[in-house]
Amino acid sequence: MEKYSGKSVMKGIAIGRVHLYKKLEYQVTEERAADPAAERERFLAAVERAKEQLTKLYDDAMTNVGEDHAAIFDVHKMLLEDEDYLDTAAGEIENGYNAVYAADYAGTQFSEMFAAMDDEYMRGRAADFKDISRRVIRILLDMPEEEIHSEEPVVLVAEDLTPSETVKLDKKKILGFVTVKGSASSHTAILARSMNLPALVNVDIPLADELHGKPCVVDGFEGEFLVEPEEEILSEKVVRKNQWIADLEALEKLKGQDNVTKSGKRIDIFANIGNVEDAEAACAADAGGIGLFRSEFLYLGRDTFPSEEEQYVSYRAVLEKMNGKKVVIRTLDIGADKKVDYFGLEPEENPALGYRAIRICLDREEIFITQLRALYRASAHGKLAIMFPMIISVEEVERIKQIVELVKTELAEEGKPVGEPELGIMIETPAAALISDELAKEVDFFSIGTNDLTQYTLAVDRQNQKLEGICDIHHEALLRLIEMTVKNAHKEGIWVGICGELGADTELTEWFLKIGVDELSVAASAVLRVRGAVRALP
């Protein structure tokens with residue numbers, strides 16, 4: 001038996017045979033072209049064909065994993081339309097090289113340039129430029145699409161997987177996957193979690209041909225990959241897998257049950273979503289409402305700002321799907337790790353501490369007003385709450401409320417019906433937590449964004465993989481800020497929820513109830529698990 005360790009990005013147990021996935025290789029040489037004009041046309045035709053393929057991948061991803069995860073294929077289309085990238089390839093063709101060499105050259109140049117940048121998000125685009133260039137080259141060489149073929153369900157083992165490869169995985173034939181490269185925050189890891197495939201990344205395994213077909217186990221609980229496991233160990237893993245499946249089936253029986261402890265203490269359990277389609281998953285998971293609708297995903301993967309009407313239609317659709325249940329929509333949170341070219345944001349030394357979220361909205365009020373108009377119009381169709389991210393002062397909240405009043409007045413004068421949405425803020429900076437007693441006087445609720453609150457409290461970049469070991473999500477300082485915020489909220493008679501990943505941490509469920517948290521908002525896939533943890537408490 002051979003045993004390897006890796007980073008688990010999706011818990012679960014997969015038992016099957018290895019399907020060794022190797023990319024179709026090609027050789028790029030500095031080959032000259034006799035007719036540069038014809039070669040340029042060939043290159044541009046391949047780019048158009050690549051964009052057609054990406055459109056299909058986007059549609060497939062929308063069907064299988066939702067708009068949030070499909071957005072990467074729109075990003076790839078945008079990169080294929082980047083004038084600098086296209087001009088770089090065209091320049092090599094004009095210098096006498098063929099289209100294949102030109103596409104490879106442009107992809108390499110841009111990949112190396114982005115890989116050298118300080119910003120984590122921009123470095124992530126290096127792999128995207130490699131991916132789009134490889135797609136164009138395969139088309140130019142008339143190579144078939146890279147696909148995964150197997151007659152029986154298998155464990156996919158690869159050096160790495162691009163988003164376009166991962167989204168094509170047939171869940172009926174793939175039991176799980178293991179990659180040598182990758183990270184817990186990569187596009188493929190996010191897709192794996194969305195598709196509920198047990199998965200490990202950063203597994204230091206040699207990809208020798210003889211690995212193909214060997215029996216193996218992926219243990220997403222222990223972060224283990226076992227090749228040709230011994231009979232005794234295999235039996236143990238089978239028992240663990242059966243228990244895992246039984247646990248999942250037991251959770252299904254919790255649908256329709258209340259989120260209440262044995263002593264009668266109750267808490268709301270809502271779902272986090274990023275698009276209209278995710279609302280269906282929230283309903284299927286029996287979530288009590290939507291605790292976080294990340295509205296910025298309406299702004300991603302496109303070339304222009306979404307109109308008021310587009311936003312109104314999306315917000316109304318979610319409210320109607322939730323059929324009277326509360327929907328908390330977060331206003332635009334662009335900046336930091338979420339970049340949108342058409343916003344025209346300048347590069348920053350410390351983007352997480354920079355021009356983002358409510359700071360953009362209060363500086364560029366026309367963007368903010370458009371969103372607020374759409375939100376207030378949608379509020380006539382359901383139980384809406386609006387929350388504002390990255391707050392650090394009472395003055396910001398006062399300015400927000402002034403703008404809200406202007407929007408309400410405008411809509412009333414236009415005769416447009418509106419509801420009465422609650423207004424709340426996210427507590428995700430230590431500043432907001434420390435003055436939460438004053439902020440609580442201004443709003444109807446708090447929602448604690450534990451991802452950013454952890455980052456800012458510990459001075460740890462949550463995008464930096466090197467710091468994972470010191471990013472203590474149970475740090476006493478963080479827990480004290482959360483407890484302080486809850487106490488201050490309740491003193492003013494407002495409710496408080498948790499909408500960061502910590503909300504799904506069942507090690508803290510009992511503590512959340514003890515300090516009086518009113519609502520936990522988690523991924524739809526975690527709703528029943530958290531409900532089970534609540535109901536098991538005394």
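What net charge do the residues around R377 carry, taking every other residue with its C-beta under 14 Å from that of R377, with Lys and Arg at +1 and Asp and Glu at -1? Local net charge: -4. Working from the Cα coordinates of the chain, the gyration tensor eigenvalues give, after taking √(5λ), semi-axes of 40, 32, 20 Å in decreasing order.
Given the convex hull of the Cα atoms of segment 267-314, what is a quarter of its surface area in nm²? Could you put the intermediate results ahead of the total?
On the way: hull surface 14.6 nm².
Average of the hull's projected areas for segment 267-314 equals 3.6 nm².
With the convex hull of its Cα atoms as the shape, segment 262-346 has an orientation-averaged projected area of 7.2 nm². Computed from the C-beta positions of A34 and K173 and an R0 of 30 Å, the FRET efficiency is 0.10 to the nearest 0.05. Only DSSP H runs of four or more residues enter the estimate; each adds -39500 (n - 2.57), and after division by the residues of the chain the mean residue ellipticity at 222 nm equals -14000 deg cm²/dmol.
Listed cross-link partners K23/K172; K253/K491; K77/K326; K253/K326; K321/K441 are compared with a 29 Å cut-off, the Cα-Cα value being larger for K253/K491; K77/K326; K321/K441.
Axis angle, to the nearest 10 degrees, between helix 36-64 and the longest C-alpha principal axis of the chain: 40 degrees. In the assembled protein chains, V227 presents an accessible area of approximately 0 Å² (probe radius 1.4 Å). Sorted on the mean count of surrounding Cβ atoms within 10 Å across their residues, most packed first, peptides 400-410, 3-13 read 3-13, 400-410. Averaged per residue, segment 373-412 has 36 square angstrom of accessible surface, using a 1.4 angstrom probe with ligands and nucleic acids left out. Backbone amide hydrogens, once placed in the peptide plane, bring I391 within less than 5 Å of M426, E428, excluding anything fewer than 5 places away on its chain.
Provide the FRET efficiency to the nearest 0.05 for the E413-I515 pair, computing r from the beta carbons and using R0 = 41 Å.
On the way: r = 45 Å, r/R0 = 1.09.
Working from the Cβ atoms, E equals 0.40.
The residues of segment 235-293 present an accessible area of 50 Å² per residue when probed at 1.4 Å with all protein chains retained.
Positive-end ranking of V28, T370, P215 along the dipole of the chain, with charges on Cβ about the Cα centre, is headed by P215.
For segment 234-375, the Cβ-based charge dipole about the Cα centre amounts to some 840 debye (Lys, Arg positive; Asp, Glu negative; other atoms uncharged). Once all protein chains are placed together, T29 keeps about 80 Å² accessible to a 1.4 angstrom probe. Ligands, DNA and RNA aside, E31 has an accessible area near 100 Å² when probed at 1.4 Å.
Report relative contact order for the chain in percent, whole number only (criteria: Cα-Cα under 8 Å, sequence separation at least 6). All intermediate terms of the calculation are to be shown ahead of the outcome.
On the way: 983 pairs, mean separation 79.7, N = 538.
That works out to 15 percent.
The values are calculated or read from the model by the stated rules, or taken from the named source; none is laboratory data. Predicted model, so just to flag it, every value in this text is computed and none were measured. Using ideal geometry, Cβ is built from the backbone for each residue, glycine included, and neighbour counts are taken over all protein chains shown. Just the protein is used for accessible areas: all its heavy atoms, side chains included, with ligands, DNA and RNA removed. Shrake-Rupley method; radii C 1.70, N 1.55, O 1.52, S 1.80 Å.
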